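So the structure is just underneath, and the comments pick up after that.
Laboratory data are not the source of any read-out in this text; all were calculated from the coordinates shown. Worth saying up front: this structure is predicted, and the values here are computed from it rather than measured. Because the Cβ atoms are built from the backbone with ideal geometry, glycine has one as well, and the counts that use them run over all protein chains shown.
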Amino acid sequence: MTSLPQPVHIASITTENATVRTLVFDKRMVADPGQFVMAWLPGVDEKPFSLVCADPVTLTIARVGPLTAGVHALKPRERLWLRGPLGRPFRLDPTLQAHPTSILLVAGGYGAAPLYFLAQRAMAARREVTVISGAQTSRDVLFARRFAALGARVVVTTEDGSLGIQGLATDAVAGLLNETEYQCVYACGPEPMLDAVERLARAHSLPAQLSYEQYMRCGFGVCGSCARGDWLVCRDGPVRRIST
């Protein structure tokens, strides 16, 4: 891929729930978990989406506005325009000599998308992976079965208790950190969840990598629309690393 939008064709579409679909395209790119692409529908808009997979390029898209509604209306073999990959990715410790080799992934809602990509890489690198998948209801839980199919341990939380443990994903984080030693915690989801994960990681002196979801226009640090203070999510993130 280049910095200019490139046309890609939809190879297949999977309906995840009433508002979320996963699209597989007929292209591949060299990318790492946590990176994103800008998806453009001519005459409508352009928005960022995390990569679920890079080979083939796969995106999971929730219908929340005009662009995503337009994407949901597309059918196999129709086109969308992508540019990327963009942003700073998640990183795995390059060595297995460090102890422990277990990592904890915390997915809030749509945050499951980049973490599934990371889980694939981590399992291939022989890490032990635990995933907390948090959502409001059972209908909103994403990728729990896919994480389990990789061989990861999966803990589901729902706010209404309709599936798994009733409560927030961070409630489960607190419990697991008290009983298991992890090499690092990785998280993607709403900002209040990320703030809570950061506090818990710091309390346990545990390195963390947090991926932020933010409104973007350019995707490479020019327009400033994704600024969080002096930190640009598209250029300096979306993954923020915390060392303790």
With +1 on the Cβ of every Lys and Arg and -1 on the Cβ of every Asp and Glu, the dipole magnitude of the chain about its Cα centre, in debye rounded to the nearest 20, is 700
Only Lys, Arg, Asp and Glu count, each charged at its Cβ (+1, +1, -1, -1), so figure out the dipole size of the range 1-131 about its Cα centre, rounded to 20 debye. 140
Crossing angle, helix 169-179 versus the chain [Cα axis fit, 0-90 degrees, rounded to tens]: 40
Can you list residues whose amide H is under 5 Å from residue 157's amide H, if they're 5+ apart or on another chain and H is modeled 1.01 Å from N? 133, 134, 135, 165
For the chain, find the longest principal axis of its Cα atoms and tell me its angle to the long axis of helix 191-203, 0 to 90°, nearest 10. 30
Applying a 10 Å radius around every beta-carbon, put 184-192, 26-34 in order of their mean neighbour count, most first. 184-192, 26-34
What does the helix-only formula give at 222 nm for the chain: each DSSP H stretch with n ≥ 4 adding -39500 (n - 2.57), the total divided by the residues, and the result rounded to the nearest 500 deg cm²/dmol? -6500 deg cm²/dmol
Using r as the Cβ-Cβ distance of residue 149 and residue 75, and R0 as 30 Å, what FRET efficiency do you calculate, to the nearest 0.05? 0.65
Of the labelled options [x] 120; [y] 233; [z] 129, which one gives volume of the Cα convex hull per residue in Å³ as computed for this structure? [x]
About its Cα centre, the range 82-164 carries a charge dipole, from +1 on Lys and Arg Cβ atoms and -1 on Asp and Glu Cβ atoms, whose size in debye to the nearest 20 is 400
Taking placed amide H atoms and a strict 5 Å upper bound, the residues 5 or more places from residue 228 or on another chain that come that close are 233
Considering the dipole of the chain built from charges on the beta carbon (Lys and Arg +1, Asp and Glu -1) around the Cα centre, which of 174, 207, 20 is farthest to its positive end? 20
Within the range 101-224, what percent of beta bridges assigned by DSSP are antiparallel, to the nearest 5? 0
Compute the acute angle (0 to 90°) between the alpha-carbon long axis of helix 112-124 and the principal axis of greatest extent of the alpha-carbon atoms of the chain; round to the nearest 10°. 60
Which percentage, to the nearest 5, of the DSSP beta bridges contained in the chain is antiparallel? 55
Once amide H atoms are built 1.01 Å from N in the peptide plane, which residues 5 or more positions from residue 27, or in another chain, come under 5 Å H to H? 57
